Amino acid sequence: MTAVPPTPPAAPERRRLRARSGRLPWVLVLPAVAAVAFLVLPFAGLLISAPWPDMGERLRDPEVLSALWLSLATATAATVVSLLLGVPLAWLLARTEFPGRRLVRALVTVPLVIPPVVGGVALLLVLGRNGILGTHLDAWFGITVPFTTAAVVMAQVFVAMPFLVISVEGSLRGADRRYEEAAATLGASRTTVFTRVTLPMVLPGIAAGAVLCWARALGEFGATITFAGNFPGTTQTMPLAVYMAMQRDPEAAVVLSLVLLLVSLAVLVTLRERWVNA
């Protein structure tokens, strides 16, 4: 028996259905408004409580500038390291088949879900003076990693690189492989295909992942304070400075928080077009 397609509704009926579907479902609107208020009101309180008359003077405070420049430098270094390590890893996960690939992908995403302080403890147990690798580094080369600026970068790479890997892997999976196959057919080597064809195609994904990685590294707290400590000028980044300022000068903590909020908003604006067009 042949199925009869349903008859489309007449124009007046379509207009009536459209009008009904366009009505606000208050059972959903009210919780949504409450959710927006819950997320926005704390930022409003931050803006209202900010010491605006003294803002310039507080931003010029040597401790604030030291924490700011250290955060910017370490977050940038962590992003560079993540790019050098994360892009090849994302390519392997997206384009190759090897035993245990699913396990590797799961392990790569673990830092996204575990508390950062757990990552700091894990880094300390591996690279600490009495750690699995740290013992040999100290005995053979006299290198002590924890509680140094390098430890800050390592902690940031640990928590931030998964954002880059996931973004680049998604871009690689969505890229049209016919261009790579055409280049290989024309005699291009694998390196040439990767650098001249693959990378340009996934460059927006790499850029988005790098920005997310940088922002996550800038806001890292738990792994940093556990693995690198909190030494002004050496390991005290902006989030750690906010934590310390809350105990002695809450207004300074508000100023530092506003700086981090401004950076986060800048990241969202930068990535907005990519999210909208995804």
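The values are calculated or read from the model by the stated rules, or taken from the named source; none is laboratory data. Small disclaimer: the values here were computed from a predicted structure and weren't measured. Counting neighbours? That spans all protein chains shown, and the Cβs are built from the backbone with ideal geometry, glycine included. Heavy atoms of the whole protein, side chains included, go into the accessibility calculation; ligands, DNA and RNA do not. Shrake-Rupley method; radii C 1.70, N 1.55, O 1.52, S 1.80 Å.
A single member of F147, F163, F158 is within 21 Å of T74 (Cβ to Cβ), outside any helix (DSSP H, G or I) and touching a residue at least 24 places away in the same chain (Cβ under 8 Å), and it is F147.
Residues in segment 232-251 that are among the small types (G, A, S), open to solvent by less than 20 Å² (accessible area, probe 1.4 Å) and in contact (Cβ under 8 Å) with a residue 12 or more places away in the chain: A241 alone.
Just one of the listed residues (V197, V168, V211, V153) is closer than 22 Å to R101 by Cα and not polar (S, T, N, Q), namely V168.
For segment 120-169, a residue qualifies if it is open to solvent by 30 Å² or more (accessible area, probe 1.4 Å) and hydroxyl-bearing (S, T, Y), and the qualifying residues are T135, T144, T148, T149. Can you find even one residue in segment 170-184 that is polar (S, T, N, Q), open to solvent by less than 30 Å² (accessible area, probe 1.4 Å) and over 22 Å from L107 (Cα atoms)? No, the conditions are met nowhere in segment 170-184.
Picking from residues in segment 68-101 that are small (G, A, S) and over 11 Å from Q156 (Cα atoms), the one that is most open to solvent (accessible area, probe 1.4 Å) is A73. You will find that of L93, L83, the residue that is modelled with pLDDT under 95 and part of a helix (DSSP H, G or I) is L93 and no other. Regarding V263, is this residue of a type in the set (A, V, I, L, M, F, W, C), buried (at least 17 other Cβ atoms within 10 Å of the Cβ), under 14 Å from the mean Cα position of the chain (by Cα) and at pLDDT below 85? For V263, the condition - of a type in the set (A, V, I, L, M, F, W, C), buried (at least 17 other Cβ atoms within 10 Å of the Cβ), under 14 Å from the mean Cα position of the chain (by Cα) and at pLDDT below 85 - is met.
Each residue in segment 43-72 was checked for being without any contact (Cβ under 8 Å) to a residue 24 or more places away in the chain and under 26 Å from P111 (Cβ atoms), and 1 of them qualify.
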